[in-house]
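Below: one structure, written as C-alpha cells.
The values are calculated or read from the model by the stated rules, or taken from the named source; none is laboratory data. Values in this document were obtained by computation on a predicted structure and should not be read as measured data. Every residue, glycine among them, receives a Cβ derived from its backbone with ideal geometry; neighbour counts consider all protein chains shown. Ligands, DNA and RNA are excluded from the accessible area calculation, which covers all protein heavy atoms including side chains. Shrake-Rupley method; radii C 1.70, N 1.55, O 1.52, S 1.80 Å.
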Amino acid sequence: GIAEAERGRQAIPFGVDSNFFLSQQLYFAHRYDQSILQSQSSMKFLGDIWFEHEILGWAYEAKGDLTRAIGEIELARKEEPTIAEPLASLGHAYALAGRKDEARKVIEELREMSKKYHVPPYTVALVYSALNEKEAAFAELEKAWGERSWYLIDLAVDPQIDNLRDDPRFKDLLRRVGLPQ
C-alpha cells in the first residue's frame, strides 16, 4: 500500500488525495513517525485539511501522546463538524485518555448525527473498541458487514481495533470480508 500511495503522490505531488493516502498507509503500517511527517508536510503546501489532522491524531495516539492526539482530532472535528469520522476518532482518543464519560457522549452524538447523516457503524465500533466494550464493538462491526461498508477494507490493518484481534469473531469477520488472517 505504501509503494502504491508513493507512486500516486509522485504522479500528483500536490494532490490532496494522493498525500492523504500516503499518510494513511504509513499509519496503517505502524510507521507513525513517518505518517506524522507526511501529514505535516502535506499541510505545509496544501493547507489545513481535516483528514490530515485526523491522521496526525491517530499517529500521536498510537505513540501514546494523547494530548497532542486529541488536539489534532479536535482541529479535524472543528473543520468538519457534520462528518462522523473525526467525531468517532475524538471519542476513541477520549476513551484511551481515560475520559470515558466524554467518549460515551461521543457515541450519543454519533447516534444523534445518524438522524441527519450517514454514520458508518465501523466508526462507532472504534469508540466502543477504545472503551474496551467488545460486545458493542462487534455489534457495530456486524452492522458494517451487513451494509457492506467499505471501511471494512481497513479491518486487517487498523491499529485502533488491535484489542479485538484475538477474539474469534474478529477472525471470522476477516474471513467473511475476504482479508488475510
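Stokes-Einstein diffusion for the chain at 20 °C, viscosity 1.002 mPa s, with a Kirkwood radius from C-alpha pairs, works out to 130 µm²/s.
Every helix of 4 or more DSSP H residues in the chain counts as -39500 (n - 2.57), and over all residues that averages to -21500 deg cm²/dmol at 222 nm.
Radius of gyration over Kirkwood radius for the stretch 1-94, both on Cα atoms: the Rg/Rh ratio is 0.96.
Principal-axis analysis of the Cα atoms of the chain puts helix 84-96 at an angle of about 70° to the longest axis.
Over all other residues within a Cβ to Cβ distance under 11 Å of Ser149, the charged ones net out to -2, with Lys and Arg as +1 and Asp and Glu as -1.
Could you give the size of the charge dipole of the stretch 26-181 about its Cα centre, using +1 on the Cβ of each K and R and -1 on the Cβ of each D and E, expressed in debye and rounded to the nearest 20?
260 debye
Pairs of Cα atoms nearer than 8 Å and 6+ residues apart set the relative contact order; for the chain it is 13 percent.
Treating each Cα of the stretch 33-139 as one equal point scatterer and applying the Debye formula with no solvent, the log10 of I(q)/I(0) at q = 0.16 Å⁻¹ comes out as -0.66. Just checking the listed ones, Ser89, Ser42, Ser23: in the Gaussian network model of the chain with Cα springs under 10 Å, the one fluctuating most is Ser42. Loop sites by DSSP among the chymotrypsin sites (Phe, Trp or Tyr not before Pro) of the chain, restricted to those with at most 14 other Cβ atoms within 10 angstrom, leave 15-116 as the longest stretch without any of them. Between Asp158, Asp167, Asp65, the GNM of the chain built on Cα springs shorter than 10 angstrom shows Asp167 fluctuating the most.
Apolar share of the accessible surface for the chain: 54 percent from carbon plus sulfur atoms, 1.4 Å probe.
Take the chain with all the other protein chains still there, run a 1.4 Å probe, and you get 49 Å² of accessible area per residue. The count of lysine pairs in the stretch 105-173 that are at least 8 places apart or cross chains, and whose C-alpha atoms lie under 21 Å apart, stands at 9. Test of understanding: in a Gaussian network model of the chain with alpha carbons linked when under 10 Å, which of Leu152, Leu110, Leu46 would top the mean-square fluctuation ranking? Answer for the Gaussian network model of the chain: Leu46.
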